[in-house]
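Here's the structure we're looking at; comments come further down.
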Amino acid sequence: MNLVRPKEPVIGTLVSTALCMKGKSASFVRHIDIDVSGTPLAGNFRAGQAFGVVPPGRDPSGKLHAVRLYSIASPSWGEDGEGNVLSTTVKRVIDERSADDPEVHDLFLGVCSNWLCDIPTGAEVAVTGPSGKRFLLPESTSEHNYVFVATGTGIAPFRGMVKELLEHPDGPCDRPIHLVMGVPYGTDLLYHDDFIALAEAHDNFHYHTAISRPESGPRRYVDQAVVENDAITALLADSGTLVYMCGIKGMETGIYRHFVDAGLIDDYLEWPNDIERVRDNVTERKVRAGARCMVEVY
Ligand SMILES: Cc1cc2nc3c(=O)[nH]c(=O)nc-3n(C[C@H](O)[C@H](O)[C@H](O)COP(=O)(O)OP(=O)(O)OC[C@H]3O[C@@H](n4cnc5c(N)ncnc54)[C@H](O)[C@@H]3O)c2cc1C
């Protein structure tokens, strides 16, 4: 953890950058590989952790830009098998500038995400980290089943974890693994062909998609995809199952409600005694993910 602090970042090199959406989309998401060899990060990160990027330049107040966190999308042995190249999944933040003056509405481009998506291979990237000690695979991977639930770039850690489980040098994990990926449009699906290929190669890996604004047919959200899938619902009741969620803040609410409905509060949630155990109370700030539930939302 935090081998490289934000105030003293080390230099990595961008070695690869490519769009990773399924099709032409209104959002732009890139898979990028950064070579960190020779830095303290090399060989010292795990799937599920995040690393930091300090974009060049200064913010409007004249201070050096603050560090931004990005989930590591590689297995713990990196993209190169040696832990020297880590990757992430960056979405360009594009917005209209918000201000008190209604006449101010020009284009706002998120500083770090757009810089990372703009730079060419060979560019230097100031990196920090790694960070995160809970959103990790267990030590004994073969003793668990996995339900991974992602929205958008929340898929990043699961790309690393699924590869770690299925492509491990000691052999693939043969326990059930379900990955549920939620996006607004079908074209926004990330690493789609890679997950299809993994599902074809491994009977125990199941890849599900939930499209919230489909061209036709009903809207589906990730929590619905979990609730409506009998295999996932049955797996949740198994004491060896671990649930991981990553993506948009708030995505956890629907799944927490499912835990309540399915009588699984004690399995996946930390529920204080002074809060009534009903589904409407999952938004109480004191209701948290429990030991078998890992959540990373941003
Ligand atoms: C643990 C963790 C993991 C993460 N993993 C990933 C990941 O894998 N992939 C990923 O893409 N992101 C990830 N993020 C988010 C990432 O850290 C950045 O927050 C994101 O890339 C935006 O940074 P930025 O510098 O581009 O935007 P910023 O310039 O920091 O802007 C951030 C937000 O503020 C708003 N904003 C700020 N100023 C204005 C203004 N004047 N007018 C209008 N709007 C404004 C923007 O709309 C934008 O939404 C993660 C965050 C965390 C905490």
Simple label model, 7 Å out from Cα along Cβ direction - MET1 to GLU228, nm: 4.0 nm
Nearest 0.05, what FRET efficiency do LYS63 and ASN204 give at R0 = 35 Å with Cβ-Cβ as r? 0.10
Taking protein heavy atoms only, a 1.4 Å probe, and rounding to whole percent, the accessible area of region 140-298 owed to carbon and sulfur comes out at 46 percent
With viscosity set to 1.002 mPa s and temperature to 20 °C, compute the Stokes-Einstein D of region 10-131, Rh being the Kirkwood radius across alpha carbon pairs; µm²/s, no decimals. 140 µm²/s
Which order do you get for TYR185, TYR146 if you rank them by accessible area with a 1.4 Å probe, largest at the top? TYR185, TYR146
From the C-alpha gyration tensor of the chain, square roots of 5λ in Å: 31, 24, 20
Of the candidates PRO55, PRO214, PRO102, which one comes out as most mobile in a Gaussian network treatment of the chain with C-alpha springs shorter than 10 Å? PRO102
Please work out the Cα center distance from region 33-58 to region 157-198, rounded to the nearest Å. 22 Å
So the pair-distance distribution of region 173-298, from every Cα-Cα distance in 5 Å bins, comes to percents of 2, 10, 19, 22, 20, 14, 8, 4, 1, 0
Under the helix-only model (-39500 (n - 2.57) for each DSSP H run of 4 or more, divided by the residues of the chain), the mean residue ellipticity at 222 nm, to 500 deg cm²/dmol, is -5000 deg cm²/dmol
With r defined as the distance between the Cβ atoms of ASP193 and ASP101 and R0 fixed at 51 Å, what FRET efficiency is calculated, to the nearest 0.05? 0.65
With contacts defined as alpha carbon pairs under 8 Å and 6 or more residues apart, what's the relative contact order of region 10-131 in percent? 34 percent
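The values are calculated or read from the model by the stated rules, or taken from the named source; none is laboratory data. Only a predicted model underlies this, so the values are computations on that prediction, with no experimental measurement involved. Quick reminder, even Gly has a Cβ in these numbers, built from the backbone with ideal geometry, and neighbours come from all protein chains shown. Quick note on the areas: whole protein, heavy atoms, side chains included, nothing else; ligands and nucleic acids left out. Shrake-Rupley method; radii C 1.70, N 1.55, O 1.52, S 1.80 Å.
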